[in-house]
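Read through the structure below, which is laid out as C-alpha cells, and then see the notes.
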Amino acid sequence: MSALKVGVLASGTGSLLQAILDARDASYEVCVVVSDRPGAGALDRAVRADVPAIVCDFASFGSREEFTGAVVRALTNHGAELVASAGFMRLLSPGYFEAYGGRTLNSHPALLPSFPGARGVRDALAHGVKVSGATIHFMTLDTDSGPIIVQEAVPVRDGDTEETLHERIKEVERRLYPEAIRLWAQGRLKVEGQRVHVLPSS
Ligand code: GRF
C-alpha cells in the first residue's frame, strides 16, 4: 500500500503540523503545506521538513472564492488525497467542499459541539467549564459541526489562563491528530451520518 498524500492547511506557528510531520510512517506522507499567512511559522517547518510550502495570501485575492480556488489548486497540484486543517484560521467558500468535502479533517481546541469558533478555549474558560478538551472531526461547510472522529477531555485547573489551558489541549491535539490521519489512511473510518465508526485493524 502506498503512503496516503496529506495536504496540511495552517495559519500559525504550526506545532500541530510538526506533530503530523513527526508522526509520518508508511501509512501517510505530507505532500504540501498551504498557509494564508506569508509569515506563518508553519511554512518554515514545512521547508525544514523538505515539504513544498505554498502561500495563498488572503489579502492578495479579490474574493474568498478566488482565495479558495488557489488553495484547492495548491492541494490538487501536489496530489493531496486527504487534507488536514491544522490551525487554519480562514473560512473557505463552498467550492472547496466540491473538491475536498468528506476528506478534510480539522482539529478544534474544545469538546465540540460546545464552544465552536475561533475562540473555543477562551469561551470555554469564560463559561467556567471544569473539563474542556480536543476534537478531531471532519470539516464541513458548517464550521466546527462535522462528524467527530476522536475526542479527549482536558481538565481545567484553578488559575488556568487561555494560554495555559490551550497549551495542555494542544499537547492532546498533537497526539490525536496523527492517529486520526492514520485511521483514515488505513481505511478504518466509516461515516454514517453524523457518526464515525472506527473499524478494527485488519
Ligand atoms: C490548535 O489548537 C488548533 O486546534 C487551533 O489552532 C491551534 C494551532 O496551533 N485552531 P499551532 O499553530 O499548530 O501551534
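Results, tabulated for the structure shown:
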{"read-out": "Residue that is surrounded by the fewest Cβ atoms within 10 Å (Cβ to Cβ), among those in the range 75-101 that are away from the ligand (no atom under 13 Å from the Cβ), of a type in the set (Gly, Ala, Ser) and farther than 14 Å from Ser145 by Cβ", "value": "Gly79"}
{"read-out": "Boolean, Glu66 is away from the ligand (no atom under 16 Å from the Cβ), of a type in the set (D, E, K, R) and part of a strand (DSSP E or B)", "value": "no"}
{"read-out": "Residue within the range 110-130 that is closer than 17 Å to Arg168 by Cα and β-branched (Val, Ile, Thr) present", "value": "yes"}
{"read-out": "Subset of the range 5-32 that is of a type outside the set (Phe, Trp, Tyr), part of a strand (DSSP E or B) and buried (at least 19 other Cβ atoms within 10 Å of the Cβ) - its residue that is farthest from the ligand (Cβ to nearest atom)", "value": "Cys31"}
{"read-out": "Filter pass, Leu43 being farther than 18 Å from Gly79 by Cβ and away from the ligand (no atom under 11 Å from the Cβ)", "value": "yes"}
{"read-out": "Restricting the range 107-123 to residues that are in contact (Cβ under 8 Å) with a residue 40 or more places away in the chain and outside any loop (DSSP other than H, G, I, E, B), the residue that is surrounded by the most Cβ atoms within 10 Å (Cβ to Cβ)", "value": "Ser107"}
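The numbers here are math on the coordinates, done by the rules we state, and not lab data. Note that this is a predicted model, so its numbers are computed, not measured. Ideal geometry is used to build each Cβ from the backbone, glycine not excepted, and the neighbour counts take in all protein chains shown.
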